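Everything below concerns the one structure shown next.
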Amino acid sequence: MAELAMATGRGRALRQHGRGAAPAADVAALPGAAEVGRPRSFTPAAVGAAAPRAAGPRNRSRSFAARPGECSETVNAGIKSLYLTPSIKPKPNLCIESMPSEMLIKIFSYLDAVSLLCVGCVNKQFYHLANDNGIWLKIYSSCFQPKRTIWKMESEQTETVSLGCAALYDRKPGYWKKEYIFKQIAAVKTRVMRLVKPVDPYTGLPCKNKEAMKVSGLSWIIVLKDKNGKEHVTEKANLSFKDTSVTILWYSTNWPCLDILSTLKLFGVMPLLPDQSRALSENGQYALPPNKPVLDDVDPEYGLHDYNLHLDMHGGSCTYLCGTFKNLFCRKGDIENGYLRLTVVSLKDNTKHLPLIGTVGLSWETDVFKGNVKDCYVMDVTLLDETGKPFWCFSAPVYMELSSKASSLYDYMGHIYTTDYADAEGKVCIEFVWLEETEEYFIVNLVLYISTKKVNNWYGTNY
């Protein structure tokens, strides 16, 4: 065995290993030792099952008592395991993107329309695969019934081509995806228009706004940006529907302090598909449809009479006053400072004075607490022209301010409060009297001032 080991050039190293650590000079002479560098310690157990750990001549003799071929292979394997750094094979990078396109399309075929749109936003490869006409034609056919046959003229003959073949090979990728989305949007729009068609005769506005918003999937998001540019987004909102307005209430414990806010934006969120993905659109105040002036040469006071007012005063969840006032008018002599004066409640006519029901306040709430801001409320004004069209509309939070003048009315003894609102189209002035005995407010004076510029543009007059 010794002669065989010497013949292989490793007998000397093997005998040294049997006694302990191999000398550096001997190790350096071994094949591969120069690549590794400094040798490591060696024990017989590291050679394998043929070299037990227990010391002694008997054990060492047993460890080398093997056939020549086996001994040589065992020694080579043991030395390589000791002095050569083991090669680590890189693990294959297994991910869904490395799968064949056919398999990915098969997987995508089990997704619904919204999930398919989301998958298409992952990367360019998924976008092209998610536009597969075969997948979208299946989705389209499940919702809408397409034509079953397509007729083509070839060599003076009319033949029927199956919809599947024509749709898949004659259309660009993504064709049926666009068709499906456009059909879904058109279907939702048709349902919404059907709901908003009935008009309330008192407000001149659609009377099924709540149902229409539910069908359209419209929701609201408020975005607060502080002075450092950080945005705080809140989606959770409570909606309160009134005759002429929708009150949206957000609450959160993570909102920034009002002192550091720079901007506040309100977004209406419309789903791209029903009850599914969303697209943001910045919300603005209700805009009246364009009105084409109709001239009237017969009526000398055209545009000054037959106005109807619908007034709603509420605190979000509770209503303090809701009423309609008809046949409002203004004489030419009452036009002052560029405004028409429409008297709704007169200070002198106590039969038209109106009480406010409940404790006036703008309600608020959080996850734990709730309350209201005293003497604040939301005022909704909808003024209709003589044909019943909305002429001036707004919804705004206002507050009641204590007036310095004392009450001159004998029927009411109490403090006077006022509420004033103004925009580019008009003004609203309200006077309240607080009655201590009954602990309620009474409206004793309510006047609307309409801009003559607004009237002239609407009616084509020249006041």
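The values are calculated or read from the model by the stated rules, or taken from the named source; none is laboratory data. This one's a predicted model, so the numbers in the text were calculated from it and none came from an experiment. All Cβ positions, even for glycine, are placed from backbone atoms using ideal geometry, and neighbour counts span all protein chains on display. For accessibility, only protein heavy atoms count, side chains too; no ligands or nucleic acids. Shrake-Rupley method; radii C 1.70, N 1.55, O 1.52, S 1.80 Å.
Quick notes
- Convex hull volume of the C-alpha atoms in the stretch 162-272, normalised per residue: 164 Å³.
- The Lys197 and Lys389 beta-carbon pair, evaluated with R₀ = 22 Å, returns a calculated FRET efficiency of approximately 0.90.
- Heavy-atom accessible area for Lys389, with the other protein chains in place and a 1.4 Å probe, reaches approximately 100 Å².
- Divided by 2.2 N^0.38 Å, where N counts the residues, the Cα radius of gyration of the stretch 307-403 comes to 1.29.
- R0 of 56 Å, Cβ-Cβ distance Asp334-His128: FRET efficiency to nearest 0.05: 0.20
- Cβ-Cβ distance of Cys429 and Cys143, R₀ of 41 Å, FRET efficiency by 1/(1 + (r/R0)^6): the value works out to about 0.15.
- Stretchable slack from Thr351 to Cys118, in nm (0.36 nm times residue separation minus alpha-carbon distance): 77.6 nm
- Here the Karplus relation 6.51 cos²θ - 1.76 cosθ + 1.60, evaluated at θ = phi - 60°, turns the backbone of the stretch 114-131 into coupling constants of 5, 4, 5, 5, 5, 5, x, 8, 6, 7, 5, 5, 5, 4, 5, 5, 6, 8 Hz, with x for every Gly and Pro.
- The loop-placed trypsin sites (Lys or Arg not before Pro) in the stretch 324-361, going by DSSP, that have at most 13 neighbouring Cβ atoms within 10 Å of their Cβ come out as Arg331, Lys348.
- Accessible area of Ile139 in the full protein assembly, 1.4 Å probe (Å², nearest 10): 20 Å²
- His353 contributes about 20 Å² of solvent-accessible surface, heavy atoms of the protein only, 1.4 Å probe.
- Cleavage-rule hits, chymotrypsin sites (Phe, Trp or Tyr not before Pro), the stretch 307-378, DSSP coil, Cβ neighbours within 10 Å at most 10: Phe369
- Stokes-Einstein D for the stretch 319-463, Kirkwood Rh over Cα pairs, 37 °C, 0.692 mPa s (µm²/s): 195 µm²/s
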